[in-house]
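Below you'll find the structure, written out as structure tokens, and then a few comments.
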Amino acid sequence: MDAPPVPPDALDNRESALQRSNTADVGEIGGWGRVMVPGREVRDENLERLTEDAVLCRGLGRSYGDSSLPPPGVSDVAGTTLADRILSFDPETLALRAEAGLSLRALLRVFFPRGYFVPVTPGTTFVTLGGMVASDVHGKNHHCAGTFGEHVTALKMRVADGRIVECTPQQHPDLFWATIGGMGLTGHILEVEFTMVKIPSPWIYMESERVPNIDAYMTGLAEAAQTWPMTMGWIDVLSSGDQLGRGILMRGRWAEPDEAPEGFPEPKSRPGVPFVFPQFALNPLSVKLFNAAYYRKPVGAGITHPEPFFWPLDAIHDWNRIYGPRGFTQYQCVLPKAAGKDAARRFLEVLSRLGGASFLCVIKDCGAQGRGMLSFPMDGISIALDIPVRDDTQQLVDALNEHIIGDGGRIYLTKDNFTRPEHFAAMEPRLEAFMEVRRRWDPQLRFRSAQSVRMLGDPQ
Amino acid sequence: MKAVILGATKGMGRALARQAAARGDALFLLGRNTSDLERSAADCTARTPGQVKVGFATCDLADPDGFDAALDAADEALGGFDTVIVTAGMFGTQEQLEADLDRLRALLTVNFAHTVLFCEAARARLMARGSGTLCVFSSVAGDRGRKPVVLYGASKAGLSAYLEGLDHRYRAAGLVTVCVKPGFVRTSMTEGLTPPPFAGEPDTVASRVLAAVDRGKPVVYAPWIWAWVMWVIRLLPRFVMRKVGF
């Protein structure tokens, strides 16, 4: 058959997705806290092409605040989730390399049943590798394993002058360590290479105990950290007096093959929150009831399923809808050891005085600060609480920030939507060094986000 | 299953290749771009139990002269394939295709004429060895002439008719034909379009297609809801179709 000539470029109907999308409407885009701004996500399998004109990449949008949102005046962010291929895995060295849009969930679906796990997992599997690097995520094993960035061995990046560069702790170390925890502001992460870990079984041995107040809690946490690879806990922020900071402390480790049940833990089903709850659903009474009930949940010791242990909230699809139409923010800070043993108690007292109510307040001790230039954790205690957005949320965050600045603490950019630039500068002595590397690689500050414009003074 | 997949680097083809790899099927990937194929082959390799290496070769639906060489390479790597899956194809909105005749000509040629030529080459090989499965992605757009997809739909209607004919003519001789009709699926192909109700995910489509290939089902709609949607649309009288926008 004499085929009609096919012009080669006509065949390639896959011109830059960013250009192609210019005809579509700009809608609204938000972080996990559901505080929305004008914008849209544009996705393509080819991350190199997609990032040519992009100012920011976004993975699964699980950062709570505005760090994955476009800066004012820019409509598009490059969505990485279609760039999700595993490029290599070496069972000897455990080195794994993949495209940045691969989700932790998809990665674990392949490797968890084979006896491999990520060295560090955050509290959700709905994150991409690129996001795990940009946020330099930490987990229940931070006091032993550090952040995810400590296990990253190489990054392939598109930098501001358009080049694609490979960076490692040896090659372009400034770019590498500024990118670990750099919130995507140093360049677009295209590929991530890191070291997996081998696990004795896919099950967890866990002990949990009810603790009467924050002092007992802190002592228990410190003791557990001596011998347990994974620790964390939840506290009731509405309790007061002698019971201030009562909660449940959990410590865990991978189960050994002889104590683990046969077979692989079946994935749990995921019921969803079918609609956005009305604002009145979350009120002092409902929060108090929830916290009181949670405090009474059964405690004990034994083998447990890894999903509720590592990622309890993944069990509920769209759980962020419970915070109502105005959305929510998470306040997560870390208070250094130098702030003293009673730092957590004083934080809770301030919180209680300000009337901050939260369904879940998670407390965890952190190990040493990592090498990522803006990496969040440092030797001390991390406290995270969800706060529904109300008229006074800005004042509440301001007051908490003023308190933690006095104690030498800092906040987690991945969760933030409200911190003022002067507060962030006061809590982050490493900021100037970070900005210096950023300007070295991106003198015009092409790469930016709604958060970087709001908090770091980037050009709009 | 020893399967050749044309179009495995993107979208539904990628999802399908991954699921097949994960259950241990032997795969050989065909596509246009070598470096893209290399990455997808590595991805499938990592997902195959025991990390069995997945091979690949270039094959472009715009260039029928290359079909035989590509299928030779696949035959050699797999030791004779028993299944051929085609997910590759072009897409354009009605407005884009009306405005760009070169693109329209390319789309009609690739989606119909050259896909049929590829299938004929694959069919000849499968039937020569007595049996085999030919699974080809058409579209719900080919089920009925509709306003938003006149041109794209016409290319797929031709393809669907060809696949139905093959099923009637050769099933008794051992050739199983599976015509896949995806509805709107969220892939890079449809990125930027407003998803209609019942939009599906590539993974859902892939598992349904694999099940259909296993059972030798001649026609499969994916996600399943589209079977009912299209049933209704096929029943609508012409005067209604002229009025509605879909």
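The single condition among (1) out of contact with any Cys (no Cβ under 6 Å at 6 or more places or on another chain); (2) under 15 Å from B:S160 (Cα atoms) that B:S138 does not meet is (1). Residue pairs whose Cβ atoms lie under 6 Å apart, sitting 6 or more positions apart in sequence or on different chains, and linking a residue in region A:379-404 that is in contact (Cβ under 8 Å) with a residue 24 or more places away in the chain and on the phi > 0 side of the Ramachandran plot to a partner that is surrounded by 20 or more Cβ atoms within 10 Å (Cβ to Cβ) and in a strand (DSSP E or B), are A:G380/A:V334; A:G380/A:L335; A:G380/A:C366. Of all residues in region A:140-174, those satisfying the criterion of being buried (at least 23 other Cβ atoms within 10 Å of the Cβ) and either closer than 30 Å to A:R253 by Cβ or in contact (Cβ under 8 Å) with a residue 40 or more places away in the chain (or both) are A:K140, A:H142, A:H143, A:G146, A:T147, A:F148, A:G149, A:V152. Summed over region B:12-23, residues that are within 8 Å of chain A (Cβ to nearest Cβ) and either surrounded by 23 or more Cβ atoms within 10 Å (Cβ to Cβ) or under 16 Å from B:G55 (Cβ atoms) (or both) total 1. Taken over region A:77-94, the criterion of being in contact (Cβ under 8 Å) with a residue 40 or more places away in the chain and buried (at least 24 other Cβ atoms within 10 Å of the Cβ) is satisfied by A:V77, A:A78, A:T80, A:A83. Residues in region B:115-140 that are in a helix (DSSP H, G or I) and either touching an Asp or Glu at 6+ places or on another chain (Cβ under 8 Å) or basic (K, R) (or both) were compared, and the one that is farthest from the other protein chains (Cβ to nearest Cβ) is B:L126.
Of the residues making up region B:65-105, those that are within 14 Å of another protein chain (Cβ to nearest Cβ) and within 17 Å of the chain's Cα centre (by Cα) are B:F67, B:T87, B:A88, B:G89, B:M90, B:F91, B:G92. Considering every residue within region B:69-85, establish whether at least one is touching a strand residue (DSSP E or B) at 6+ places or on another chain (Cβ under 9 Å), among the aliphatic types (A, V, I, L, M) and within 26 Å of B:T204 (Cα to Cα). Scanning region B:69-85, I find at least one residue that is touching a strand residue (DSSP E or B) at 6+ places or on another chain (Cβ under 9 Å), among the aliphatic types (A, V, I, L, M) and within 26 Å of B:T204 (Cα to Cα), so the answer is yes. Looking across region B:1-21, the residues that are closer than 11 Å to B:V86 by Cα and in a strand (DSSP E or B) come down to B:A3, B:V4, B:I5, B:L6.
For region A:212-240, give me each residue that is free of Cβ contacts under 8 Å to residues at least 60 places away in the same chain, part of a helix (DSSP H, G or I) and not polar (S, T, N, Q).
Once the filter is applied, which keeps residues that are free of Cβ contacts under 8 Å to residues at least 60 places away in the same chain, part of a helix (DSSP H, G or I) and not polar (S, T, N, Q), region A:212-240 yields A:A216, A:G220, A:E223, A:A224.
Sort through A:K341, A:K364, A:K337 and tell me the only one that's among the basic types (K, R), out of contact with any strand residue (DSSP E or B) (no Cβ under 9 Å at 6 or more places or on another chain) and either touching a residue at least 60 places away in the same chain (Cβ under 8 Å) or surrounded by fewer than 18 Cβ atoms within 10 Å (Cβ to Cβ) (or both).
The conditions single out A:K341.
Just the residues that are of a type in the set (D, E) and in contact (Cβ under 8 Å) with a residue 60 or more places away in the chain, please, taken from region A:299-331. The one that is of a type in the set (D, E) and in contact (Cβ under 8 Å) with a residue 60 or more places away in the chain: A:D314. Sub-9 Å Cβ pairs linking a first residue in region A:265-280 that is assigned to a loop (DSSP other than H, G, I, E, B) to a second residue that is small (G, A, S) and surrounded by 12 or more Cβ atoms within 10 Å (Cβ to Cβ), at least 6 apart or interchain, are A:K268/A:A315; A:S269/A:A315; A:R270/A:A315; A:P271/A:A315; A:V276/A:G324; A:F277/A:G324; A:P278/A:G324, ordered by first then second residue. Among the residues of region A:195-211, are any under 25 Å from A:Y412 (Cβ atoms), in contact (Cβ under 8 Å) with a residue 40 or more places away in the chain and out of contact with any strand residue (DSSP E or B) (no Cβ under 7 Å at 6 or more places or on another chain)? There is no residue in region A:195-211 that is under 25 Å from A:Y412 (Cβ atoms), in contact (Cβ under 8 Å) with a residue 40 or more places away in the chain and out of contact with any strand residue (DSSP E or B) (no Cβ under 7 Å at 6 or more places or on another chain). Against the numbered list (1) among the hydroxyl-bearing types (S, T, Y); (2) within 9 Å of chain A (Cβ to nearest Cβ); (3) surrounded by fewer than 23 Cβ atoms within 10 Å (Cβ to Cβ), B:S40 comes up short only at (3).
Considering only residues that are crowded, with 17+ Cβ neighbours inside 10 Å and under 16 Å from the mean Cα position of the chain (by Cα), look in region A:299-318 and name the one that is nearest to A:R62 (Cα to Cα). So the residue we want is A:D314. Taking the numbered list (1) touching a residue at least 40 places away in the same chain (Cβ under 8 Å); (2) away from chain A (no Cβ under 11 Å); (3) of a type in the set (A, V, I, L, M, F, W, C) in turn, B:V52 passes all entries but (1). Looking only at region B:1-11, residues that are within 10 Å of chain A (Cβ to nearest Cβ) and aliphatic (A, V, I, L, M) come to 0 in all. Taking the conditions (1) in a loop (DSSP other than H, G, I, E, B); (2) under 28 Å from A:P212 (Cβ atoms) in turn, A:A292 satisfies each one other than (1).
Selection of strands (runs of 3 or more DSSP E) fully inside region A:15-123 by the criterion of at least 3 residues being of a type outside the set (K, R) returns A:28-30, A:36-38, A:76-79, A:86-89, A:95-99.
Every number here is computed from the coordinates shown, using simple stated rules; none is lab data. Computed from a predicted structure; not experimentally measured. Cβ: placed from backbone, ideal geometry, glycine included. Neighbour counts: every protein chain shown.
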